[in-house]
Amino acid sequence: MDLVLVGLPGSGKTAVGRRVASRHGAAFLDLDEQIERAEGRTIPEIFATEGEAGFRRLERAAVAALGPADASPTLRRVISPGGGAIVDPRNRWALYRGRLAVWLDVRPEVLAQRLRRSPNVRPLVQGGDPLGRVRQLAAARERFYGAAHRVNGVAEITGVVDAVEGLVAAGVSAGTTLLRSTTKIGDLVIGESIAADAVGDALRRLEARRAIFVSEPGAWAAFGEGLATALAAAGWPVETVLLPAGEDAKRLSVIEEAARGLARLRVERREPLIAVGGGALGDPAGFLAAAYLRGVPWIQVPTTLVAQVDSAIGGKTGVDLPEGKNLLGAFHHPAAIVLDVAALRTLPERQLRAALGEIVKMAALGDEALFATLEADGETIARGDAAAFEAGAVAEVVERAAWAKVEVVSADEREHASAGGRITLNLGHTIGHALEAADGYATLLHGEAVAYGTRAAVRIGEAVGVTPPERARRIDGLLDRLDLGRAPLPYPVDAVLEATGTDKKHSGGRLRWVLPTGDGVTIRDDVPAEVVREAAAAVLAGAGTGSPA
Ligand SMILES: NC(=O)c1ccc[n+]([C@@H]2O[C@H](COP(=O)([O-])OP(=O)(O)OC[C@H]3O[C@@H](n4cnc5c(N)ncnc54)[C@H](O)[C@@H]3O)[C@@H](O)[C@H]2O)c1
């Protein structure tokens with residue numbers, strides 16, 4: 001077994017780690033020390049010459065050099081990464097997977113005291129206001145440390161060591177938790193093979209007495225049934241309400257039928273529902289939770305990539321009407337959101353690829369790391385290659401895109417901000433929605449439509465001078481590589497333009513366009529009609545940067 005100790009600088013990883021290691025005759029590996037030895041320089045020297053980015057590269061290599069986790073039941077290695085190593089999702093994937101990860105949690109006030117007395121120079125907390133700096137680091141990293149088992153690191157060292165020993169005795173769990181955070185919009189957990197434990201935890205927190213699932217046949221067969229079996233094995237009585245598959249679930253008559261199912265099960269006011277499925281299940285299941293008994297708590301277990309990075313986050317629930325999609329609904333945030341990337345292994349390629357349309361949009365909003373990851377690994381993710389799962393690429397993309405949405409939505413829960421805020425998420429959606437409408441929601445998947453819409457926004461942005469050519473080429477190039485938004489579409493340009501007129505991004509009669517800038521987006525309501533027409537016509541003609549597909 002390998003034990004990984006994480007925590008802020010000064011949290012006692014070395015002191016605690018050495019003691020635990022010596023009790024078991026295990027090796028103690030301090031990754032910062034290893035880097036210094038290999039480089040023949042101290043970390044402050046590396047920071048001074050190569051900057052933080054240079055140091056982080058060396059750190060990633062040191063983590064990779066650990067090789068696979070030790071699978072024996074006896075403790076063989078105690079690994080102490082530097083405090084910031086786990087910020088990088090791939091490091092966390094490599095460090096936490098198959099290992100026992102423990103967080104030595106020490107309050108910033110105590111840490112600042114300790115660091116003041118420390119003989120070691122720690123570059124990230126040097127300079128004035130160490131307490132302020134430690135607080136900042138704690139806030140930025142808590143969700144990464146929180147994925148590990150928490151031990152109160154303020155106690156006497158023997159007490160801390162004993163607490164760690166207790167966890168060592170319990171062994172390594174099968175799943176890998178990568179991120180855990182209590183957010184304004186629900187408790188979020190991300191990982192692999194974590195759903196049963198995470199849903200069980202959420203049910204206990206909500207004082208539930210049974211596990212009431214709402215799902216649909218596809219997601220149920222692929223993932224829900226296994227989850228229900230695991231919860232039943234853990235002692236939970238299980239109930240199930242199945243909605244129809246796909247968009248057919250988003251009908252008001254389905255809500256009535258499902259609510260009657262809940263009534264027959266005598267579901268009470270505080271009993272949570274567990275929604276297992278993609279966006280076409282989460283939207284109506286959430287609406288059911290919002291409306292049944294005027295609102296019961298719910299837990300989201302999204303099983304598609306679209307749902308994990310988009311629809312499950314933000315509390316928008318609802319159903320369609322014959323007059324339009326999502327016209328009837330409510331904001332109702334789930335109590336917990338469980339993103340288990342294991343669910344995505346059975347997802348068809350077309351679903352994965354289309355979801356990347358939304359994720360490219362998230363990158364274009366200004367997430368450089370997400371952009372780079374998609375450029376490097378997007379194609380293998382789109383194909384659903386086992387290697388993309390094994391390497392942690394899928395988990396990284398889910399984490400980055402989902403967290404980016406958490407941040408935007410938390411800052412603007414009900415879409416009130418006029419600039420910035422939630423409206424920025426509509427990049428690519430004005431033309432995207434119009435294409436879906438022109439298509440009669442028949443053939444295009446939402447993410448596919450968003451990819452066309454993003455290309456259109458890039459063209460409009462270039463035409464009105466807000467999207468620099470190199471940014472335009474980069475976004476189009478990524479979409480080309482992912483084979484998104486390239487093929488010509490058979491809809492008349494007038495039908496598409498007319499559909500933009502009913503788009504909800506209307507404000508005072510003028511369409512508000514979210515357009516890419518050099519490193520993010522801006523909102524413009526003065527785009528000339530002929531520029532929009534040209535962009536719509538170009539994407540309909542199949543105008544990627546390359547030749548039409
Ligand atoms: N609420 C929001 O903020 C929001 C945001 C984006 C999209 N949406 C909505 O989401 C819906 C689209 O959701 P979607 O793209 O997830 O599609 P979906 O829910 O229809 O799922 C797609 C298909 O995959 C199957 N499936 C689900 N999980 C699976 C798994 N793990 N393995 C294999 N197959 C699986 C389903 O049975 C279905 O056939 C639309 O209705 C859209 O309006 C909502």
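I'd like the residue in the range 194-244 that is under 16 Å from E268 (Cα atoms) and within 16 Å of the ligand (Cβ to nearest atom) and, out of all such residues, is surrounded by the most Cβ atoms within 10 Å (Cβ to Cβ). Once the filter is applied, the top-ranked residue is V214. In the set (1) in the same structural domain as S253 (by TED's automatic domain parsing); (2) in contact with a Pro (Cβ under 9 Å, 6 or more places away or on another chain), the condition left unmet by A330 is number (2).
Working carefully through the options E323, E396, find the one that is buried (at least 22 other Cβ atoms within 10 Å of the Cβ) and of a type in the set (D, E, K, R).
Details: E323 fails: buried (at least 22 other Cβ atoms within 10 Å of the Cβ).
Just a single option satisfies the conditions, and that option is E396.
Of the listed requirements (1) free of Cβ contacts under 8 Å to residues at least 60 places away in the same chain; (2) assigned to a helix (DSSP H, G or I), E165 misses just one: (1). If you scan the range 344-368, which residues turn out to be loosely packed, with under 14 Cβ neighbours inside 10 Å and away from the ligand (no atom under 15 Å from the Cβ)? If the condition is that a residue be loosely packed, with under 14 Cβ neighbours inside 10 Å and away from the ligand (no atom under 15 Å from the Cβ), then E368 is the only one that fits.
Return the pairs, sorted by first residue and then second, in which the second residue is assigned to a loop (DSSP other than H, G, I, E, B) and of a type in the set (D, E), the first residue lies in the range 453-479 and is farther than 20 Å from Y491 by Cα and modelled with pLDDT of 95 or more, the beta carbons are less than 9 Å apart, and the residues are 6+ apart or on different chains. Qualifying pairs under 9 Å: V464/D526; R471/D519.
Would you mind stating whether L104 is over 23 Å from the mean Cα position of the chain (by Cα), at pLDDT 95 or above and either within 12 Å of S11 (Cβ to Cβ) or part of a helix (DSSP H, G or I) (or both)?
Numbers: over 23 Å from the mean Cα position of the chain (by Cα): yes; at pLDDT 95 or above: yes; either within 12 Å of S11 (Cβ to Cβ) or part of a helix (DSSP H, G or I) (or both): yes.
When the stated conditions are applied, L104 passes them.
Comparison of T373, T380 shows that the only residue that is touching a Pro at 6+ places or on another chain (Cβ under 9 Å) and surrounded by 16 or more Cβ atoms within 10 Å (Cβ to Cβ) is T373.
Being more than 13 Å from the ligand (Cβ to nearest atom), out of contact with any Cys (no Cβ under 8 Å at 6 or more places or on another chain) and under 22 Å from K184 (Cα atoms): is that true of R294 here? Yes.
Taken over the range 361-398, the criterion of being touching a Phe, Trp or Tyr at 6+ places or on another chain (Cβ under 9 Å) and not hydrophobic (A, V, I, L, M, F, W, C) is satisfied by G392, E396. The residues listed here are A312, A275, A285; of these, the one that is within 10 Å of the ligand (Cβ to nearest atom), of a type in the set (G, A, S) and within 19 Å of E247 (Cβ to Cβ) is A312. The set of residues in the range 319-333 being over 16 Å from E413 (Cβ atoms) and either aliphatic (A, V, I, L, M) or near the ligand (Cβ under 8 Å from one of its atoms) (or both) consists of V319, D320, L321, K325, N326, L327, L328.
Looking only at residues that are crowded, with 17+ Cβ neighbours inside 10 Å and free of Cβ contacts under 8 Å to residues at least 60 places away in the same chain in the range 260-272, which one is nearest to the ligand (Cβ to nearest atom)?
G261
Going residue by residue through the range 150-162, is there one that turns out to be within 24 Å of the chain's Cα centre (by Cα), buried (at least 16 other Cβ atoms within 10 Å of the Cβ) and either within 15 Å of the ligand (Cβ to nearest atom) or not polar (S, T, N, Q) (or both)? Among the residues of the range 150-162, at least one is within 24 Å of the chain's Cα centre (by Cα), buried (at least 16 other Cβ atoms within 10 Å of the Cβ) and either within 15 Å of the ligand (Cβ to nearest atom) or not polar (S, T, N, Q) (or both), which makes the answer yes. Within the range 348-355, at least one residue is out of contact with any Lys or Arg (no Cβ under 6 Å at 6 or more places or on another chain) and either without any contact (Cβ under 8 Å) to a residue 12 or more places away in the chain or outside any helix (DSSP H, G or I) (or both). Any chance the range 65-74 includes a residue that's assigned by TED's automatic domain parsing to the domain that holds A101, crowded, with 16+ Cβ neighbours inside 10 Å, in contact with an Asp or Glu (Cβ under 7 Å, 6 or more places away or on another chain) and acidic (D, E)? Looking for residues that are assigned by TED's automatic domain parsing to the domain that holds A101, crowded, with 16+ Cβ neighbours inside 10 Å, in contact with an Asp or Glu (Cβ under 7 Å, 6 or more places away or on another chain) and acidic (D, E), one finds at least one in the range 65-74, hence yes. Can you confirm whether I460 is over 30 Å from R383 (Cα atoms), in contact with a strand residue (DSSP E or B) (Cβ under 8 Å, 6 or more places away or on another chain) and not assigned by TED's automatic domain parsing to the domain that holds E247? Judged against the criteria, I460 is a match.
The values are calculated or read from the model by the stated rules, or taken from the named source; none is laboratory data. Here the structure is a predicted model, which is why all the values come from computation and not from measurement. No Cβ is skipped: glycine too gets one built from the backbone with ideal geometry, and neighbour counts run over all protein chains shown.
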